[in-house]
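To start, the structure under review is shown below, and the notes come after it.
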Amino acid sequence: MSHENIISIEHVSKRFPVGDGEFTALSDITIYFRRGEFAGVVGPSGSGKTTLLNIIGSLDTPTEGTAVVMGRNISNLSHKESARLRNMHLGFIFQVYNLLPVYTVFENVEFALILQHKSAAERKKAVMEALEWVGMAGMARKKPSKISGGEGQRVAIARAMVKRPDLVLADEPTANLDAKNAHAIIQTMKNLNRELHTTFLFSTHDEKVMSYLDRMVHLEDGKVAKDEFIKTKTTKP
Amino acid sequence: MIKFLVKAILRDKNRSLLPIIVISIGVFLTISLSGYLRGVMGDMIDQTARFETGHLKVMTRAYAGNKDQMPNDLALLGVNELTQSLRKEFPNYQWVERIRFGGLIDAPDAEGESKGQGPSAGLAIELFSDNSGEVERLNIPHSIVSGRIPQKAKEALIGDEFARKLKLDIGDEITYLGTTMNGSMTMESFTISGTVRFGMAAMDKGAVIIDISDARNMLDMENGAGEILGFSDEGVYFDETAKQTEQAFNAYYANSNDTFAPVMFRLREQNNMANYLDYVDSFASMFVVIFVIIMSVVLWNTGLIGGLRRYQEFGIRLALGESKGHIYRTLLTEAVLVGILGSLAGTSLGLAAVLYLQVHGIDISGMMSGTTMMMPSVLRAKFTTDLLYIGFIPGVAAMVAGNMLSGIGIYKRETATLFKELEV
């Protein structure tokens, strides 16, 4: 596992205009994440977790400071370059699994590869492999409306992983799942982290997720309150 | 990517069905109404040309000033020479002589007593000439209700409605009472060879059609005619060509002060046709412009509703690495595909309606019993090749324009805001 920094956040602040004033979501944050980490940004609602993930995911830019992801300064990227960074290097997993309802499980996972202009044969191989990772190969032809929430989140993980991203950003991925499914999902991601050396960065306040993390960055009022490295756990006790 | 979009269009009825229905209805209305109105207007122009104005018409200046009164005392004389000259100078037109005459038609019974009388609108044409084309031009063979076309002198065709009103049958005699070119009274008997129905109330109510030689004898118009009409060889009125011919002819008599000098008019200058022709020309384009504006507004709103519904999808696609520009372009591609489907459906339905109305038409004879307008009593649509695209292109354009407008919303929203739509 490489120890290079995949994310470098240096003196980043983010302020949003609110009425005549401003709301500070992040305040002078400096933090680094290494390739292959299974880390989480934790904290209560409004602590700035999602804002930080949006900046790392090149969906937003810092008001001040520098955010470098995969060697690219987020502030300097054009819309097209941001999209390319997300397309080639980042995967997203959401609180709600957000599959496109008109497409099948297979097609939902395939979509990311179409954007990469992969051939049909390459896509089929990669999609089936990704679905096998998450145990959903048997449901490839089903529509999202025909699968359960836990299965949907597995498909979402396959969709994020199919393009073999360097970094997966997961925003409250277990919020809508029961305990059994939540543990299964996190375990799946942990396995992928180990096998593919993909960096996972969570935004969460779910104890179940936290129990799997190797590192937790605690945010409070937009500031890093604690940066906690934990002994690696590979399975839930 | 296109295959992927098509799948979504076919599977998501909200994305495709409503816009396709809206476009289909718009394109259908545009094509069917354009075809119908063009057919009606074209028929009216064509009928007017065939029965009254020609594509070009030569009269004396004095006759032209009073032509509504059919003033045969002001008619052209020496028409054989004039017609020959026209045929020589302007060979692209077929030149025919006609005489219009008004008067009274008396229907005698077996004892010779009058059983009925009525005012007539007489028309004398070159019935017996093989080269004039007048019989075909006035569609007489297809307009005959009973009997036949006159084959010898002193035979007449009479309007079917007129015949029924006077209780006349084939072979009955009628007597024309009127005045000659010189103002003296004339009476002439004709045998009815057939009855006709042109489908024009103005003609059918009092039509009497005889050969021009009979009219000349009856009206003392030796080598005379009220009008010489010119019809283009193509059978279609071309204003620019007609104008050149008219100017060339009238230049020849420009310096003459003779009120009986011949003067040429083109169709556009007769019967207040100028505005009508301009209206016909601009009608189709006006229709298309109105259609595009209305459809764009409707589809803009449809697109906005669809776009709002799809913000979640846009957020997912952004997260997967699609750029805003690419999403916008795929929206427009979808719009083109949906526009094509809707326009194809609308065009097919519209053409079917036009072809149906071209064959069957709408019979308005019941509404025209009192009218004197030169218009057909069965209004038919007309298929023209431009109907293949007159609705199709605007249909696609309106869909694209509507989506372009609604899709701007994607650019107006911050990426993070679109992404936030995912946090349900």
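Things worth noting here:
- Inter-chain Cβ neighbour count for A:121-134, averaged per residue, equals 0 (cutoff 10 Å, partner chain atoms only).
- Note on residue B:164: accessible area approximately 150 square angstrom, rounded to 10, probe 1.4 Å, nucleic acids and ligands left out.
- Neighbour net charge for residue A:30 - beta-carbon separation under 11 angstrom, K R +1, D E -1: -2
- For chain B, the fraction of C-alpha pairs more than 33 angstrom apart is 51%.
- Helix-only [θ]222 nm of chain A, DSSP H runs n ≥ 4, -39500 (n - 2.57) each, per residue, nearest 500: -10000 deg cm²/dmol
- Segment residue B:69-residue B:363, extension gain: residue separation times 0.36 nm, minus the distance between their alpha carbons: 102.8 nm
- Relative to the 2.2 N^0.38 Å rule of thumb, the protein assembly as shown has a C-alpha radius of gyration ratio of 1.63.
- In segment B:1-50, the residues whose accessible area drops by at least 10 square angstrom when the other protein chains are added to the isolated chain are B:1, B:4, B:7, B:8, B:11, B:12, B:15; the probe is 1.4 Å and only protein heavy atoms count.
- Extension gain for residue B:154-residue B:10 works out to 44.6 nm (0.36 nm per residue, less the C-alpha to C-alpha distance).
- Rounded to 5, the percent of DSSP beta bridges in chain A classed as antiparallel: 55
- Selection from B:218, B:99, B:229, by position along the positive dipole direction of segment B:56-236 (Cβ): B:229
- Legend: residues in segment A:26-65 shielded by at least 10 square angstrom of accessible surface upon adding the remaining protein chains to the isolated chain (1.4 Å probe, heavy atoms) are A:50, A:54, A:59, A:60.
- Inter-chain neighbour count for A:164-171: the average number of beta-carbon atoms from partner chains within 10 Å of each residue's beta-carbon is 1.
- Lys/Arg +1, Asp/Glu -1 at C-beta; the protein assembly as shown dipole; positive extreme among A:56, B:47, A:104: A:56
- Efficiency of FRET from Cβ geometry, residue A:230 and residue A:64, R₀ 35 Å, rounded to 0.05: 0.70
- Two-site label geometry, residue A:72 and residue A:22: point separation in nm, points 7 Å out along Cα→Cβ: 2.7
- Solvent-accessible area of chain B (1.4 angstrom probe, protein heavy atoms only): carbon and sulfur portion equals 58 percent.
- Dipole moment magnitude, nearest 20 debye, segment A:5-229 about Cα centre, only Lys, Arg, Asp, Glu C-beta charged: 1080
- Note, ³J(HN,Hα) from phi for segment B:7-14, Karplus 6.51, -1.76, 1.60, rounded to Hz, x at Gly and Pro: 4, 5, 5, 5, 8, 9, 5, 5
- Accessible-area composition of segment A:5-229, carbon plus sulfur, in percent [1.4 Å probe]: 48
- Using the empirical formula 2.2 N^0.38 Å as the baseline, the Cα radius of gyration of segment A:78-237 reaches a ratio of 1.05.
- Cleavage-rule hits (GluC sites (Glu not before Pro)) in segment B:61-121: DSSP loop, at most 14 neighbouring Cβ within 10 angstrom: B:111, B:113
- Minimum 50 Å² accessible area buried by the other protein chains, segment A:79-118 residues, probe 1.4 Å, relative to alone: A:79, A:86, A:94, A:98, A:100, A:102, A:103, A:107, A:111, A:114, A:115
- When chains B and A come together, the accessible area they lose, probed at 1.4 Å and totalled over both chains, is close to 2500 Å².
- With DNA, RNA and ligands ignored, accessible area of residue B:238 (1.4 Å probe; Å², nearest 10): 100
- Here is the list for segment A:1-67: GluC sites (Glu not before Pro) lying in DSSP coil, each with at most 13 other C-beta atoms within 10 angstrom of its C-beta, are A:4.
- Additional length obtainable on full extension of the chain from residue B:236 to residue B:146, 0.36 nm per residue less Cα span: 29.4 nm
- Take every Cα pair under 8 Å whose residues are at least 6 apart in sequence, average their separation, divide by the length of segment A:5-229, and the relative contact order is 29 percent.
- For the protein assembly as shown, accessible area per residue (1.4 Å probe, heavy atoms of protein chains only), Å²: 45
- Amide H partners (placed H, <5 Å) of residue A:218, local residues excluded: A:42, A:225, A:226, A:227, A:228
The values are calculated or read from the model by the stated rules, or taken from the named source; none is laboratory data. Bear in mind that the values here come from a model prediction, so they are computed numbers and not experimental data. As a convention, Cβ positions derive from the backbone with ideal geometry for all residues, glycine included, and neighbour counts pool all protein chains shown. With ligands, DNA and RNA removed, areas are computed over all heavy atoms of the protein, side chains included. Shrake-Rupley method; radii C 1.70, N 1.55, O 1.52, S 1.80 Å.
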